[in-house]
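Peer 1: Handing you this structure, nothing more for now.
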Amino acid sequence: EHRQDSREHMVQESHQDRELGTCPRESPSFHSRFTTLTITREPWSKQGAKDGAMETGQGCASASSGAATTATTALFEPGRDGETPQVVVLVGAPGMGKTTMVRKVMVEWGEGALHTQFDFVFCIDCKAIILPMEASVADLVSQCCPGLRVPAGKILDDQKKILLIFDGFEALGFSLVQPEAELSSDPREVKPLELTLMSLLKKTVLPRASLLITTRPTALGSLRRCLKGEYYVEILGFSAARREEYFHKYFENPNKADVAFRFARGNEILYSLCVIPVMSWTICTILEQELCEQKNLLECSKATTGMMMFYLSQLLKHKDRDKPQVLHQFLLHLCSLAAEGVWKHKVLFEEKEIKDYGLDQPGLLPFFLNERIPREGEGHGIVYAFTHLHLQEFFAAMFYILEDDGETVSSLGRLEKDVNKLLESYKSRKDLKVTVRFLFGLVSQKSIEYMDKTIGCRISPRAREELLEWLQGRHRGLSHPGQAPKVSEMDTFQFLFEMNEKSFAQSALGHFTDLDLQDTRLTLYDQMALSFCIQHWAGLGSITLQGCSFHWQDPETKLDASVLCSGASGAGGHRGALVVRRREGLPCPIRLLCRALRHRDSALQVLRLQWCRLSESCCAELAALLAEHPGLARLELADSSLGDSGVRLLCEGLRTPGCRLRILQ
């Protein structure tokens, strides 16, 4: 009966606004939506600072051996020392799933599945408490469950059967330094709210009750001083297996889930960011929109930068809209800190640096930086880190092109906004690659308009000319005298794809005639980038992909052709076009390349695919290319395992009237 009283309130609460990204859609079943998070659970004396995603950039994939993959079952179980915790602090950055974990606790308890040691669970939403006010603990309980059939005072008599949850502790905002003499020991005593809550934390009232506190890392310092014997549970995000599970739970259509996950898995930056639950939600939301518009995801216009901008817009959706200048200045200084860190290989920043950069703003800072608290006995102060390394690299790229109304961010005495210096340094510092990639994406016309309209940030287009000159110049220097000018760096295609502008790609590639890549592992993202550039490269006459490997994630997964293949360019709609046949579940690894080459303006004459270990599954696409490309004169397939049936398919292509091939190796 007691459980039912609180459960009814919990069900009503589930229809209220949710924390960004942790539960993006209403669902009849909470369990069908919940995806298990990777957490670490240790007492404070051992907790220290596991930076997880924010320090390594790989999230829970690099979590320590103490990490336990669990949902909520371990929160109030005995620890390694055999002690059952009375106080559990659930720590996580915004969007990591703290509020969802609280709901999971309440749902499981309400169903009688877990946490049955408690007769009553009361959840206090710290974001909803209005100060100043006075209340007793009994008043707070009554406020949580106004329909209780048992008087609050009677409930509080059996303390061991009570779990009190403080969700969003950092939102309280008041001082946790209160005179010990003024704390309460009577749950019915009315006192200022600060004293009542402090009495619960300090265990002067309801000392035998259990507490679950969720907080962002920024509140850990002050919270630690109030508690004793607490256990810390840090949310590290989604493991590799759970990321795929999340995609399947988000999409109702399993084919769409497969395609969307393959898209994300094929982009190493996006897949790494999916450790953050809200980033998984961001990517799923964008891909769902693309699929709803009947677009082919393999020609998705939203490159990595587009996903990051959408994520940023969601983080800042309700922040300082009435004070755009405050937000703009904060972002300027944040980007300066990020760039400084990237240049110095630095991911941890001291509290003094945060203050020097003017970032000590509690309403904005926790959305971008996590606070890292040192172990007891360590002499270091509080340090901060970006939620993920790729987020730091994104803001570092923004540093170079964010307009600042005359106030040069470099006047903070640190770094110059010199795009050419960044590009020149990239020659010897390949760790700058992601920053440069984001830089290209941010100066596209679509990005400039989106950032201005949605986030209120003005991006300078001046860097576009510098980026174009750099791309053209770096490849001229790589071509030997007397040889055809060629592009031989995969990152060039990644940069152009990130910008995703036809005219810019044409200008960058127009002076070159050859593409030459050696021993390169081509992810799905790389293949999409190559496909985009090839279609806008009018003078491309020769392609050499020697020893390259073409990677498709989960090639055994069956694909719904209407989802994956619709809208593919150059499908060959004219009469007499060779019908491409392929076995279901074995997608051709060079399909994107072949279909890009079949566009009408292709000037290709030579295609070399030596030592690429091509198999029978590639032959149908190659045959179609032979049939439809009148200019292709030379095809080299050395060291391939085509098989008899594969060769028969090639022969079909050779027999078609449109084939003009002169040399087949």
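Peer 1: Taking the stated definitions as given, is Arg208 in the same structural domain as Gly79 (by the TED database) and of a type outside the set (Ser, Thr, Tyr)?
Peer 2: For Arg208, the condition - in the same structural domain as Gly79 (by the TED database) and of a type outside the set (Ser, Thr, Tyr) - is met.
Peer 1: While we're on this one: Can you say whether Ala571 is open to solvent by 60 Å² or more (accessible area, probe 1.4 Å), modelled with pLDDT under 90 and in contact with a helix residue (DSSP H, G or I) (Cβ under 9 Å, 6 or more places away or on another chain), as far as the supplied structure shows?
Peer 2: Yes: the conditions hold for Ala571.
Peer 1: Give Gly147, Gly95, Gly112, Gly173 a once-over and let me know the one that is within 22 Å of Thr214 (Cβ to Cβ), among the small types (Gly, Ala, Ser), open to solvent by 30 Å² or more (accessible area, probe 1.4 Å) and in a loop (DSSP other than H, G, I, E, B).
Peer 2: Answer to the check: Gly173.
Peer 1: Go through the residues of the stretch 114-131 one by one and say whether even a single one is in contact with a Lys or Arg (Cβ under 8 Å, 6 or more places away or on another chain), of a type in the set (Phe, Trp, Tyr) and under 24 Å from Phe34 (Cα atoms).
Peer 2: yes
So that you can scan it fast, the table gives a plain yes or no per residue for (1) touching a residue at least 12 places away in the same chain (Cβ under 8 Å); (2) in contact with a helix residue (DSSP H, G or I) (Cβ under 9 Å, 6 or more places away or on another chain); (3) closer than 30 Å to Lys323 by Cβ:
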site	(1), (2), (3)
Cys457	yes, yes, yes
Arg464	yes, yes, no
Arg474	yes, yes, no
Met499	yes, yes, no
Ser503	no, no, no
Gln506	yes, no, no
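The values are calculated or read from the model by the stated rules, or taken from the named source; none is laboratory data. Because the structure is predicted, anything quoted here is derived from the model rather than measured. Counting neighbours? That spans all protein chains shown, and the Cβs are built from the backbone with ideal geometry, glycine included. Remember, those area values only see protein heavy atoms, side chains included, never the ligands or the DNA or RNA. Shrake-Rupley method; radii C 1.70, N 1.55, O 1.52, S 1.80 Å.
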